[in-house]
Amino acid sequence: MFKNMIVYRIAESWQGDLQVLEDALQKTVFAECGATQERSVGWMPPRGEQHGPLAESVAGQWVMRFMSESKMLPASVLNRRVNEKAAHIEATEGRKPGKKEKKDLKDEAKLDLLPMAFTKQGAMWVWIDPQARTLVLDTSAQGRADEIVTLLVEGLPGFALALVDTQTSPQAAMAHWLMTQEPPAGFAVDRECELKAADESKAVVRYARHPLDIDEVRQHIEHGKMPTKLAMTWDDRVSFVLTEGLQIKKIALLDAVMDGQSQDDGGFDTDVTIATGELSRLIPDLIEALGGEGRTGLGEGLPASLRATPAETLPVRLAQGRSQGTVTGPAAAPADTAPEEAPF
């Protein structure tokens with residue numbers, strides 16, 4: 001089910017109630033775009049059943065489905081229609097439209113074309129673990145995550161969130177694991193990595209399907225290129241790519257997860273139980289591997305001892321003493337580095 005994860009911590013003050021959540025979601029039910037509507041968003045039944053509940057509880061986990069639909073209107077098509085309207089005015093009235101009139105013509109052209117435009121839909125899984133007090137969004141784009149968070153915070157009284165923040169920054173930890181070839185207990189480094197220079201060159205080195213326990217990788221880090229992505233496996237059960245912003249991408253459940261599962265066990269409840277069961281154990285293990293959570297209270301700042309170390313100093317410190325551990329610092333909010341990479 002989940003291919004990506006952005007993880008939030010829910011405030012202790014929020015008293016979770018499934019019916020209250022359902023009532024809040026019902027205020028923003030998804031409906032397809034109208035004839036002249038550019039974009040529509042809202043909630044849909046996660047089981048895909050018409051008029052079904054918008055929030056499902058399966059094995060104590062709450063699962064929702066967020067839908068987005070947008071009209072695809074290429075700029076070239078829109079500009080051509082605007083030029084046609086401007087040419088008509090010039091031919092019939094003997095004048096060229098001014099800047100303000102051209103803006104109005106563009107709005108008119110858009111209204112003309114939207115009823116004929118193709119639509120593009122994208123859906124996102126949203127998961128609340130009420131016991132662990134986490135919200136998980138199946139996206140790698142922070143902008144899309146912000147849209148969901150805004151809807152939930154506005155619709156649920158007392159629902160406060162913060163991105164999960166760790167004492168060791170993912171970038172520092174990934175650099176340490178690559179330098180020492182000593183991943184944290186329960187994890188293994190796989191064969192995909194991206195390293196990026198922090199200087200003005202912004203040089204990028206990518207490894208795909210390539211062993212990473214080589215001197216070349218360590219030399220890149222020593223010379224200032226820091227890891228922004230690293231493929232890993234957890235407990236021989238889940239593979240994923242960790243990013244510098246603590247996003248988790250390319251999630252895949254491995255064969256060990258499916259051992260003992262019958263082919264007839266498919267279905268929504270089974271899929272939710274398996275996916276949330278594995279990921280609800282992966283998340284705390286990954287947080288622990290990054291030194292634990294750095295946030296002392298929701299919305300509060302970190303103590304001075306956990307201030308971020310400038311990225312350009314990390315390679316030097318790692319090179320000086322590979323056995324001295326990782327550099328600690330609060331994780332930054334994930335950057336929306338590829339907003340058009342996928343629908344969600």
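Any read-out appearing in this document is the output of simple, stated calculations on the displayed coordinates, not a laboratory observation. Everything quoted here is computed from the prediction, not taken from an experiment. Cβ sites come from the backbone with ideal geometry, for glycine too, and all protein chains shown count toward neighbours.
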> Which one of TRP62, VAL82, GLY98 is farthest out on the positive end of the charge dipole of region 45-105, using unit charges on Cβ (Lys, Arg +1; Asp, Glu -1) and the Cα centre as origin?
Replying inline: GLY98
>> On a full-extension model of 0.36 nm per residue, what is the gain between HIS210 and ARG191, subtracting their alpha-carbon distance, rounded to one decimal in nm?
In response: 6.3 nm
>> Modelling each spin label as a point 7 Å along the Cα-to-Cβ direction, I'd like the LYS96/GLU38 distance in nm, to one decimal.
In response: 2.6
> Sorted by average packing, counted as other Cβ atoms within 10 angstrom per residue and highest first, what order do 152-162, 58-68 take?
Replying inline: 58-68, 152-162
>> Test of understanding: what is the full-extension gain from THR270 to ALA11, defined as 0.36 nm times their sequence separation minus their Cα-Cα distance?
In response: 90.3 nm
> If the cut-off is 19 Å between C-alpha atoms, which lysines fall inside it for LYS100, apart from same-chain ones fewer than 8 positions away?
Replying inline: LYS85, LYS110
> Order of 167-177, 76-86, 243-253, 204-214 by packing, highest average Cβ count within 10 Å first?
Replying inline: 167-177, 243-253, 76-86, 204-214
>> Given bins 10 angstrom wide, list per bin the percent of all Cα-Cα distances in region 52-144, short to long.
In response: 13, 27, 18, 15, 14, 8, 3, 0
> On full extension of the chain, what length is gained from ALA160 through ASP236, given 0.36 nm per residue of separation minus the C-alpha to C-alpha distance?
Replying inline: 23.9 nm
>> Let me understand region 87-237 better: what is its radius of gyration from the alpha carbons, and its Dmax, in angstrom?
In response: 25.2, 77
>> Please list 3J(HN,Hα) in residue order for region 56-71, calculated via the Karplus relation 6.51 cos²θ - 1.76 cosθ + 1.60 where θ = phi - 60°; whole Hz, with x for glycine and proline.
In response: 10, 9, 10, 6, x, 9, 9, 10, 9, 9, 9, 10, 10, 9, 9, 7
> Tell me, what HN-Hα J-couplings in whole Hz come from the Karplus equation 6.51 cos²θ - 1.76 cosθ + 1.60 at θ = phi - 60° for each residue of region 152-160, using x for Gly and Pro?
Replying inline: 5, 5, 6, x, 10, x, x, 7, 10
>> Largest first, please: the extent of the C-alpha atoms of region 1-50 along each principal axis, to the nearest Å.
In response: 43, 27, 22
> How about region 192-225: which GluC sites (Glu not before Pro) there lie in a loop by DSSP and see at most 16 other Cβ atoms within 10 Å?
Replying inline: GLU200
>> Using the alpha carbons of region 205-296, what is the convex hull volume per residue in cubic angstrom, as a whole number?
In response: 139
>> Sort 33-40, 17-24, 273-280 by packing, meaning the average of other beta carbons within 10 Å per residue, with the highest value first.
In response: 273-280, 17-24, 33-40
>> Need the list of lysines near LYS249 for cross-linking: C-alpha distance under 16 angstrom, and skip anything on the same chain fewer than eight residues off.
In response: LYS3, LYS229
> What percent do you get for the relative contact order of region 2-118 when only Cα pairs under 8 Å and 6+ apart count?
Replying inline: 21
